[in-house]
Each structure stands twice: as structure tokens, then as C-alpha cells.
Amino acid sequence: DKKIWDVLILTGNFRDIEILSSYIYDKSLGSYFLEDNCYYYFDKNKKDSIENILKKYINKFDVAFSWDVQEQEDWHLNWKDNFKPIKVNDDLIIIPDWDKNSYDYHKIVKIKPGMAFGTGHHETTLLMLKYLTNNIKQGATILDLGSGSGILSIVSQMYGAKKITAIEFDSVCKNNFFENLSIN
């Protein structure tokens, strides 16, 4: 059983969308802007209450709305072909778990991309990897808050951290986290 979300699409004047969004944002699961549209994600049981809010205020703004549905997908499989190795520094490379090539690096982290965040491709993850590899002292204590795939915890251990506490509130990440720990 795949999860299904209702997607609200707001189109119109950007300033008006921002104002109207203030009435619904805290009820959403998240949003993003793309071109002249704002997309809001809601659990299936929220659509009627959100429409009531929109109908109350929509006439005051130059904004139109429509609904779409998004079914959960294995997004990580859609970009599998584009997952290329990431050279963090002269010592460390991040590769996908299916990569059978040999690399001339002292440390190799294999990541199985899943629904969890953290392959090293995102700038914030890469910056943290570079920071950790340059600054971890032997025996350090590390807090990986929002651990996602576990990539930062794995690298911390490889570079000598003694105690690592990994915290993640998104249960979807749990299996992926432990798979990556096992792989490495």
C-alpha cells in the first residue's frame, strides 16, 4: 500500500500566494515553488478543511488553486543511473552500493540510496563530509541529528569518532540507515 498525498497548486501573483500560504502552511507536510506555482502537500484527510480556508480568502487575492494527487514512489530508483561517485577529498570517496569498480582511495563509503536524505550529492552533506574529514579527532563524540541515510555517522566512525549518537525522527529512514551501516 503506497501512501498518497493531496497536492494543492497555487498559481498567480507571488506576493498574494505568499500571503494566502500563511493560512495553510502549518497544516501542510511541506511545499515548494516552481516557476509561478506553489505546491503544498497534505495528508488525504485535510483537503476539505484546506478548501474551506481557501474559499474564505481566495477572492481577496490574485490566486487560483487546483488539486493533484501524488503517489509515493521509489524516487531513489528514478535517478539511480545518475548517481556518480563523489570524491570528498584525496582520501575519501562515496559510491553507490551497486558500484563494482575499484577506486584508489583509502576510505570508501558505499551508500544505498533510499528514501532517506544523504548520498553526498547535496551541498550541505558534502560540506559536512569535508568538515568531518578535516576536523574529527580520535575518540571524538559526534551527534548526527537528522541522520537520514547515516552517511555522516559512517564517515565519523571511519575517521576515528569513538561515540556517535544518530537521531532521526522520520521512520522511513530507519531501514535505509541500518542497511548503510551494514554495508560499511
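The values are calculated or read from the model by the stated rules, or taken from the named source; none is laboratory data. The structure displayed is predicted, hence computed values, not measured ones. Here the Cβ positions follow ideal geometry from the backbone for every residue, glycine too, while neighbour counts run over all protein chains shown. Side chains included, ligands, DNA and RNA excluded: accessible areas come from the protein's heavy atoms. Shrake-Rupley method; radii C 1.70, N 1.55, O 1.52, S 1.80 Å.
Values computed for the structure shown
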{"quantity": "Which listed residue, of Ile167, Ile142, Ile183, is more than 15 Å from Lys110 (Cβ to Cβ), of a type in the set (A, V, I, L, M) and over 16 Å from the mean Cα position of the chain (by Cα)", "calculated": "Ile142"}
{"quantity": "Residue match in region 117-135 (condition: part of a loop (DSSP other than H, G, I, E, B), open to solvent by 10 Å² or more (accessible area, probe 1.4 Å) and more than 26 Å from Leu29 (Cα to Cα))", "calculated": "no"}
{"quantity": "Residues being over 18 Å from Asp68 (Cα atoms) and either of a type in the set (Lys, Arg) or in a loop (DSSP other than H, G, I, E, B) (or both) - total across region 1-19", "calculated": "3"}
{"quantity": "Hits in region 155-184 - residues which are surrounded by 13 or more Cβ atoms within 10 Å (Cβ to Cβ), among the hydrophobic types (A, V, I, L, M, F, W, C) and within 30 Å of Lys3 (Cα to Cα)", "calculated": "Ala166, Val172, Cys173, Phe177, Leu181, Ile183"}
{"quantity": "Region 67-94, subset at pLDDT below 80, in contact with a Phe, Trp or Tyr (Cβ under 9 Å, 6 or more places away or on another chain) and in a loop (DSSP other than H, G, I, E, B), residue surrounded by the fewest Cβ atoms within 10 Å (Cβ to Cβ)", "calculated": "Gln72"}
{"quantity": "Considering residues of region 104-139 that are within 11 Å of the chain's Cα centre (by Cα) and of a type in the set (A, V, I, L, M) only, the residue nearest to Asn89 (Cα to Cα)", "calculated": "Ala116"}
{"quantity": "Residue in region 42-55 that is nearest to Phe14 (Cα to Cα), counting only those that are modelled with pLDDT of 90 or more and of a type outside the set (D, E, K, R)", "calculated": "Leu54"}
{"quantity": "Number of the exception - Leu143 against (1) out of contact with any strand residue (DSSP E or B) (no Cβ under 6 Å at 6 or more places or on another chain); (2) open to solvent by 60 Å² or more (accessible area, probe 1.4 Å)", "calculated": "(1)"}
